[in-house]
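Only the coordinates and a few stated rules stand behind these numbers; no lab work does. Just so you know, these numbers come straight off a predicted model, no measurement behind them. Please note: Cβ atoms are built from the backbone with ideal geometry, for glycine as well, and neighbour counts cover all protein chains shown.
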Amino acid sequence: MTMTATEPATTASLPVTPPPAAVATRRARGPRPPGGRRYGTGLYRARLRILGWFVGLLAGTIVVGLLLQRTVLLNRIDDEIEASLTQEQRELDRLNDGDDPETGLPFASVDRLFEIALRRNVPLDGEALYTFVQGEPFASLPASDPGGLFANDAFLDQVRDTSVPVQGSVRSREGPVEFLAVPVLPNGATSGSPPSGVFVSAVYTGEERAEVERTVQLAALVALSSLLVASTVAWVIAGRVLRPVRAVTDAARSITETDLRRRIPVGGQDEVGELATTFNQMLDRIETAFTTQRQFVDDAGHELRTPITVVQGHLDLLGDDPEERRETIEVVQDELDRMARIVNDMLLLAKAEQPDFLRPGPVDLGELVEDVRARAVALDDRPWNAVVPPGPVEIVADRGRLLQAMVNLVGNAARHTPAGTPVTIGAAVDQAGEVVLWVRDEGPGIAPADHGRIFERFARAGTGPRPAGGAGLGLAIVSAIAEAHGGRVALASVPGGGATFSLHLPSTASGDGDRRPAEAR
């Protein structure tokens, strides 16, 4: 029988005595973690948690695998032992059912049966055979009885006088022994006759089980080495996985009110890459908000300085003469009205960046043009012409904002053209499906050099003085409204040839309106 078995970038000046919040922040970062590179305390702990979960899961898997391996090997040994024991008994039964090979007659006694059986059997390593006749030890194989079972009282008490098959185990000086004892009747004896002998097949299992334990220990050693290597790799991978998070943290710490340009490089499409992308988008929104706020403050400081100076100067020189006081109050009132218009326009431009700036709804282009013309007639006494689509054309947009933009264009045309000069207001959908709203005048026109800057805040064409009542924000508001609709503004003009300001809005239009380009009409 064969047995098988980083620290944040600080740009601010350092005070002599840090404020309590700053001290608390520096203390919260804790000591520099192993490895020489500073991580945020939270990121370092997150890295440790990732490693801990990984090591715990892998170690648990290894332990379960080793236990299963040990159980399978031990069960295999038990099965092989069972097969070996029963095989020896079957061989004895076949021998007992036959004749004595030397005499050709039935076995004369159990002694003779056991003698022939032991002579013809060659036990493998760990196997042993024991025989008893009339309750006394008869012979064994190997004859030396290495385990000393013939002197083992626990073994003898179970097998030598048994009249039924007995399977069990005992401890010997060679280790644990599994045995199967079967009573033997002489050939030709009738059923119920007392047995005249007992045949015991035994297997010493100590070496096989020790081999299993050594195999499991070796596997455990290999698994432990693999766990250490895998843990090291997991630590490095966890650091790389958290690198974008660390970049987010560093970027957040390095961002100041005056520098919002830093962005996080996106290196993949996974959750961490999505986090970096989302953070960059948030920075874009914050930068836009700060830029808008800074521009608002700069514009307010620039444009309100002059009227405030005028008001202050007139109030300082205010005398007791009633006529002089009346004139001063009129000047102050005009300047205050101008400041109010400037502030309202700047607030409108700041609000243009907000998501609720527009309130889209159905807009009929013909009705919009007629409404703008009606307001223009009340604004200035000159020929106001309207060009509307021949059929009903309806788009989805914010009617109030479009009306505001068109009125600004109308007012701009009235201020920059001679009195009585005709102005045309029109709307259509061009061949590309783009909505075009325009205001065309026959004034002096605008030099090409000014086309690119005329829609900037407080910009004006030429070098002359700004017309009365203008704050320089009307065209900037028109551009903001067009961009909020996803469109753009355009200017077509040459000196002496008038000017055409147009809003081009991407929108689906319905109806049979004039789809020719504005320039073709």
Subtract the Cα-Cα distance of residue 66 and residue 277 from 0.36 nm times their separation in residues, and report this length gain in nm to one decimal. 71.5 nm
Sorted by Cβ density within 10 Å, fewest first, the residues 339, 346: 339, 346
Provide the FRET efficiency to the nearest 0.05 for the residue 90-residue 125 pair, computing r from the beta carbons and using R0 = 22 Å. 0.60
Using a Förster distance of 45 angstrom, determine the FRET efficiency expected from the C-beta separation of residue 396 and residue 225, and round it to 0.05. 0.10
Between residue 343 and residue 163, how many nm apart are label points set 7 Å from Cα along the C-beta direction? 12.0 nm
Any idea how far apart residue 97 and residue 325 come out in nm if each label point goes 7 Å out from Cα toward Cβ? 14.2 nm
To the nearest 0.05, how large is the calculated FRET efficiency for residue 136 and residue 49 if R₀ is 51 Å and r is the Cβ-Cβ distance? 0.10
If you average the alpha carbon positions of the stretch 117-153 and of the stretch 472-486, how far apart do those two centres end up, in angstrom? 109 Å
Residues 438, 235, 53 in order from fewest to most other beta-carbon atoms within 10 Å are 53, 235, 438
